[in-house]
Amino acid sequence: MDGTVLVADDDRTIRTVLTQALTRAGCKVHATSSLMTLMRWVEEGKGDLVISDVIMPDGNGLQALPQIARMRPGLPVIVISAQNTIMTAIQAAEAEAFDYLPKPFDLPDLMKRSARALEVKRHAPKAAVSAPREASEELPLVGRTPAMQALYRLVARVMNADLPVLISGESGTGKSLIARAVHDFSDRRGQPFVTAQASDLSGVDGISTLLARAKGGSIVFDEVSDFDDDAQARLVRMLDVMGEHAPRVMSTSQADLSVKMEAGQFRKDLFYRLGGVTLAVPALRERVEDIPLLAEHFLLRGEREQGLQRRLSPDALALVRAYPWPGNVRQLENMLKRLIVTASESLISKAEVEAALGGSQSPVPVRGGTVEGEKLSASVARHLQRYFDLHGGQLPPAGVYDRILREMEVPLIEIALDATGGNQAKCADLLGINRNTLRKKITDLDIHVTRRRKLM
């Protein structure tokens, strides 16, 4: 990399780490804990890239972005923030930040994004940028996991795009909240937001009435996968007759529409009309690390609304993390609402959580976002999707096939060797491969041979 990077963060450790990494990469670095100092550097013409935290001792990094854009049009800014909500991603996008990353961030990922930012050539100054919008209402779209952060960034990118949006996910994951966020923070926010069912399309005047209600706002077709053939045909006709000032069309679905289409249960022409952009909302069991954040969010909201201070005991929190949550975020929210009222003490006990979940039900352990008993193919698919999500909408480096096979092959051989007590003949038979092939793989894959795994 080549260029001068301005780093603004009140965390000394982060400043040190970024300074060292960027310097090793060939950049000059100016680091500060003060937003005022950062703005002075920008005004003086210093820097080819800004990496800034949001909450600073003397100001807000997001709110400073319009001023940076006016002083230095085209200067890329990467926002890093510990405020891991959809609002941060949306505000960063509205203020035309080059990129946004949540804390804790992956350093190699940040370095790649910094390199791309320094390579960007912006020839013409942009128009003045409006100040980021304040969060007028709280959205329980909280999460620092890579899957949720990728979703936030995608929402921020598509909210003003003239494309239909399909929001997929299990019941209770927050599909309706995502649709509402896309509308509320788009240019259509002053127009109506209409949720429609199949019945709204029926009758002689169904389509015209629905379009009149929505005007130039947004229409969300709820669980479109459940629409029968007649409703699907009417929806196609509606999409065909919409005029110049048509509303934006969004739809939600628990089912995989592509599977239903292949099975002949969903119209192909409708599928391609609705699927301009697909927003996949992960199940709660796929983002276990977000559960404490969500629990804290709901408990704090209960404290504000009802004046009852409640917290989960360590044992209770461990149980909440281990539970598979078939009803996803909605189930978690409803359980905590009950416990806010019914808990006998400010510290909610494990027994009270067990009772709220239905004491006879023992939770299915969840480890690393995978439900115990889940099919291997589903678990692998989950991890592969997470791998792609970590690249923030960019393609991974070439050679994915060999890298993934290697990562799967190594633990498979190691576990098989353990299971056969290091007997390579038995291990080869177990795996269904030649013994010489196994030897070669042990060497090529650099599998460590312990005393228990002696080469024969």
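The values are calculated or read from the model by the stated rules, or taken from the named source; none is laboratory data. Here the structure is a predicted model, which is why all the values come from computation and not from measurement. For neighbour counting, all protein chains shown are included, and Cβ atoms are generated from backbone atoms with ideal geometry for every residue, glycine included.
Okay, residues lined up against (1) within 25 Å of the chain's Cα centre (by Cα); (2) free of Cβ contacts under 8 Å to residues at least 12 places away in the same chain; (3) surrounded by fewer than 18 Cβ atoms within 10 Å (Cβ to Cβ):
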| position | (1), (2), (3) |
| --- | --- |
| Thr13 | no, yes, yes |
| Leu22 | no, no, no |
| Gly26 | no, no, yes |
| Leu38 | no, no, no |
| Asn60 | yes, no, yes |
| Pro66 | no, no, yes |
| Ala82 | yes, no, yes |
Unique match (being over 29 Å from Leu384 (Cβ atoms) and either touching a helix residue (DSSP H, G or I) at 6+ places or on another chain (Cβ under 6 Å) or of a type outside the set (Val, Ile, Thr) (or both)) among Leu257, Leu279, Leu239, Leu293: Leu239
Considering the range 1-11, residues that are touching a helix residue (DSSP H, G or I) at 6+ places or on another chain (Cβ under 8 Å) and assigned to a strand (DSSP E or B), and then whichever is surrounded by the most Cβ atoms within 10 Å (Cβ to Cβ), we arrive at Ala8
Test Glu223 against the stated conditions and say whether it is modelled with pLDDT of 90 or more, out of contact with any helix residue (DSSP H, G or I) (no Cβ under 8 Å at 6 or more places or on another chain) and either among the β-branched types (Val, Ile, Thr) or within 24 Å of Val182 (Cα to Cα) (or both). yes
Only one of (1) more than 30 Å from Gly216 (Cβ to Cβ); (2) in contact (Cβ under 8 Å) with a residue 24 or more places away in the chain is not met by Leu274, so which one is it? (1)
Looking at the range 155-170, which of its residues are at pLDDT below 90 and part of a loop (DSSP other than H, G, I, E, B)? Met159, Asn160, Ala161, Asp162, Leu163
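So which residues in the range 183-208 are closer than 26 Å to Ala233 by Cα and buried (at least 17 other Cβ atoms within 10 Å of the Cβ), if there are any at all?
His183, Phe193, Val194, Ala196, Ala198, Asp200, Leu201, Gly206, Ile207
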Could you look through the range 388-414, keep only residues that are surrounded by 15 or more Cβ atoms within 10 Å (Cβ to Cβ) and outside the structural domain of Leu431 (by TED's automatic domain parsing), and pick out the one that is modelled with the lowest pLDDT? Gly392
Flagged in the range 310-335 as in contact (Cβ under 8 Å) with a residue 60 or more places away in the chain and of a type in the set (D, E, K, R), in numbering order, are Arg330, Glu333
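Check every one of the helices (runs of 4 or more DSSP H) wholly within the range 40-139 and list those with 2 or more residues that are closer than 30 Å to Thr173 by Cβ and either modelled with pLDDT of 85 or more or not basic (Lys, Arg) (or both).
86-94, 107-119
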In this structure, does Arg301 turn out to be within 23 Å of Gly172 (Cα to Cα), basic (Lys, Arg) and surrounded by fewer than 18 Cβ atoms within 10 Å (Cβ to Cβ)? yes
How many residues are surrounded by 15 or more Cβ atoms within 10 Å (Cβ to Cβ) and of a type in the set (Val, Ile, Thr) when one looks only at the range 237-277? 3
Flag for Ala425 being at pLDDT 85 or above, within 42 Å of the chain's Cα centre (by Cα) and outside any loop (DSSP other than H, G, I, E, B): no
If you check Leu22, Leu18, Leu75, which single one turns out to be closer than 19 Å to Ala115 by Cβ and touching a Ser or Thr at 6+ places or on another chain (Cβ under 8 Å)? Leu22
Result of the Cβ filter at 9 Å on the range 98-109, keeping first residues that are over 19 Å from Val120 (Cα atoms) and partners that are charged (D, E, K, R), at least 6 apart or interchain, is Pro102/Arg144; Lys103/Asp11; Lys103/Asp53; Lys103/Arg144; Pro104/Arg144
Out of the residues in the range 215-234 meeting the condition of being among the acidic types (Asp, Glu) and outside any helix (DSSP H, G or I), tell me which one is surrounded by the most Cβ atoms within 10 Å (Cβ to Cβ). Asp222
